[in-house]
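For reference, the structure is listed below as structure tokens.
The values are calculated or read from the model by the stated rules, or taken from the named source; none is laboratory data. Since the model is a prediction, treat every value here as computed from it, not as a measurement. FYI the Cβ positions are ideal-geometry reconstructions off the backbone, even for glycines, and counts take in every protein chain you see. For accessibility, only protein heavy atoms count, side chains too; no ligands or nucleic acids. Shrake-Rupley method; radii C 1.70, N 1.55, O 1.52, S 1.80 Å.
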Amino acid sequence: MNLDILTAISPVDGRYRGKTESLAGYFSEYALIRYRVRVEIEYFITLCELPLPQLKSFDNNLFGRLRDIYRNFSEADAARVKDIEKVTNHDVKAVEYFIKEQFDAIGGLDAYKEFIHFGLTSQDINNTSVPLSIKEALEEVYIPQVEELIQQLNDYAEEWKDVPMLAKTHGQPASPTRLGKEIMVFVYRLTEQLNQLKSCKYTAKFGGATGNYNAHHVAYPEFDWREFGNRFVREKLGLEREQWTTQISNYDNLGGVFDALRRIHTIIIDLDRDFWMYISMEYFKQKIKAGEVGSSAMPHKVNPIDFENSEGNLGIANAVLQFLAQKLPVSRLQRDLTDSTVLRNVGVPLGHGVIAIQSTLKGLRKLILNEQKLDEDLENTWAVVAEAIQTILRREAYPHPYEALKALTRTNEKMTEETIHAFIQTLNVSDDVKAELMAITPQNYTGM
């Protein structure tokens, strides 16, 4: 079968391709090859700028043409790299040979070709390409979607800031709150964790075969290769070089990025479940789209499928992120190859993450507030004002106020406005205090 959205094994590239396509430029095989080419070209240019003695004669006016090799990198170019790899059986070496072919196409650069990938190991390329792709994917795709979600929630929080709502703690009626405030909790939590994600360090390994610049130092001992690497990684790639490594990255900071993503996803799962419950409680109705089917058997149903879809995808994302964060920092001695295949999957949890965020947004934008149901639940639960009454009675030094309200409310008798007001009239307090207590309702006892 030809590969398309119907034959793809993973739903990330199949059913949900429309939601994840923006990530293809960062995590596809094509994208990985393009990032590798980019690192190799920028490394060669930086060697020219050093300059190495043999590169002093390189025409700096050609830097733009060299950068065009990755700026104009096409799927046909990626296919050529894969053809070379069939011979080399080594993906990074295939990139080196591809760039040498591009030098030949420019012409007159034969004397400089052996300084492509000079002194490097494949992990100097992989462990710069992958964190760079993750950093740019998060900045350009993922973070803007989280910010869009936060903005939508913030808009709702403002729109519904004065809507009173019965709270539920332990699944039981509790002191009333306001709908806007409860949504603002998620705005706050997501903003806090997004800021932590933005503050994560993106580090890269760049130090030769076992991290010591052995080959660089033996060829050119007069240069400070650590400083060169620091400058190259920082200035050309926008990353930070890990100062002490084996042949591969330590991956500790990448693990921090994955953990930060998991915290964001966990908050969205919490949000999905809350709104699912609010819909179940009829606090929200959902916009109906002509032609859509909620259930194959029950024609009346409009299911909260977007929140369910989001929760499921976030569960998968977090499972993979946890595995990545735990596995990548562990390697046998100076390296084994387990990180190589694992790194190819870093786009998978981000794919499930963006699917989920878009599903949550879709679900939120279907909501229709049912204020009548919110008010009905408040009106049917007058027992929740007991906390307010006993607190004011404490202020007034009334004897055993908690116990008095407990005796009143913890019965099978339904508490109504009349029941509460009748109780207030029996209290041995001033008329002013009674009036204060009588003014409290489930609708206005919502705090600050």
Every listed condition ((1) in contact with an Asp or Glu (Cβ under 7 Å, 6 or more places away or on another chain); (2) farther than 25 Å from E114 by Cβ; (3) open to solvent by less than 40 Å² (accessible area, probe 1.4 Å); (4) not aromatic (F, W, Y)) holds for A204 save (2)
Notebook entry, point to check: For L254, are the conditions met, namely being closer than 22 Å to N318 by Cα, touching a residue at least 60 places away in the same chain (Cβ under 8 Å) and either open to solvent by 10 Å² or more (accessible area, probe 1.4 Å) or β-branched (V, I, T) (or both)?
Noted result: yes
State yes or no: is L149 outside any helix (DSSP H, G or I) and in contact with a Leu (Cβ under 7 Å, 6 or more places away or on another chain)? no
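For (1) touching a strand residue (DSSP E or B) at 6+ places or on another chain (Cβ under 6 Å); (2) surrounded by 17 or more Cβ atoms within 10 Å (Cβ to Cβ); (3) modelled with pLDDT under 90, each residue gets a yes or a no:
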| residue | (1), (2), (3) |
| --- | --- |
| L324 | no, yes, no |
| Q334 | no, no, no |
| T391 | no, no, no |
| P399 | no, no, no |
| L408 | no, yes, yes |
| N412 | no, no, yes |
When (1) without any contact (Cβ under 8 Å) to a residue 12 or more places away in the chain; (2) buried (at least 18 other Cβ atoms within 10 Å of the Cβ) are applied to W382, the one that fails is (1)
task: Considering every residue within the stretch 30-43, establish whether at least one is under 29 Å from I357 (Cβ atoms), part of a loop (DSSP other than H, G, I, E, B) and open to solvent by 30 Å² or more (accessible area, probe 1.4 Å).
output: no
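Yes or no, residue by residue, for (1) modelled with pLDDT under 95; (2) assigned to a helix (DSSP H, G or I):
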{"position": "T7", "(1), (2)": "yes, no"}
{"position": "S57", "(1), (2)": "no, no"}
{"position": "I69", "(1), (2)": "no, yes"}
{"position": "K82", "(1), (2)": "no, yes"}
{"position": "K93", "(1), (2)": "no, yes"}
{"position": "E101", "(1), (2)": "no, yes"}
When K19 is run through (1) under 26 Å from V218 (Cα atoms); (2) part of a helix (DSSP H, G or I); (3) open to solvent by 40 Å² or more (accessible area, probe 1.4 Å), the failure sits at (1)
Note on T210: of the conditions (1) at pLDDT below 95; (2) surrounded by 17 or more Cβ atoms within 10 Å (Cβ to Cβ), unmet is (2)
For the stretch 410-429, pairs from a residue that is farther than 23 Å from E396 by Cα to a residue that is not β-branched (V, I, T), with Cβ under 7 Å and 6 or more apart or across chains, are M415/W382; M415/A383; T416/W382
Q: Say whether the condition of being open to solvent by less than 60 Å² (accessible area, probe 1.4 Å), of a type in the set (A, V, I, L, M, F, W, C), under 23 Å from K236 (Cα atoms) and without any contact (Cβ under 8 Å) to a residue 24 or more places away in the chain is met by at least one residue in the stretch 70-91.
A: no
The residue that is surrounded by the fewest Cβ atoms within 10 Å (Cβ to Cβ), considering only those in the stretch 336-354 that are under 16 Å from S129 (Cβ atoms) and charged (D, E, K, R), is R344
Expected output for the stretch 303-316 (first residue farther than 21 Å from V348 by Cβ, partner aliphatic (A, V, I, L, M) and part of a helix (DSSP H, G or I), Cβ below 8 Å, 6+ apart or cross-chain) is P304/I279; F307/I279
Within the stretch 226-241, the residues that are open to solvent by less than 20 Å² (accessible area, probe 1.4 Å) and either free of Cβ contacts under 8 Å to residues at least 40 places away in the same chain or assigned to a strand (DSSP E or B) (or both) are G229, R241
Going through the stretch 278-304 in order, the residues found to be open to solvent by 30 Å² or more (accessible area, probe 1.4 Å), modelled with pLDDT of 70 or more and in contact with a Gly (Cβ under 8 Å, 6 or more places away or on another chain) are V302, N303
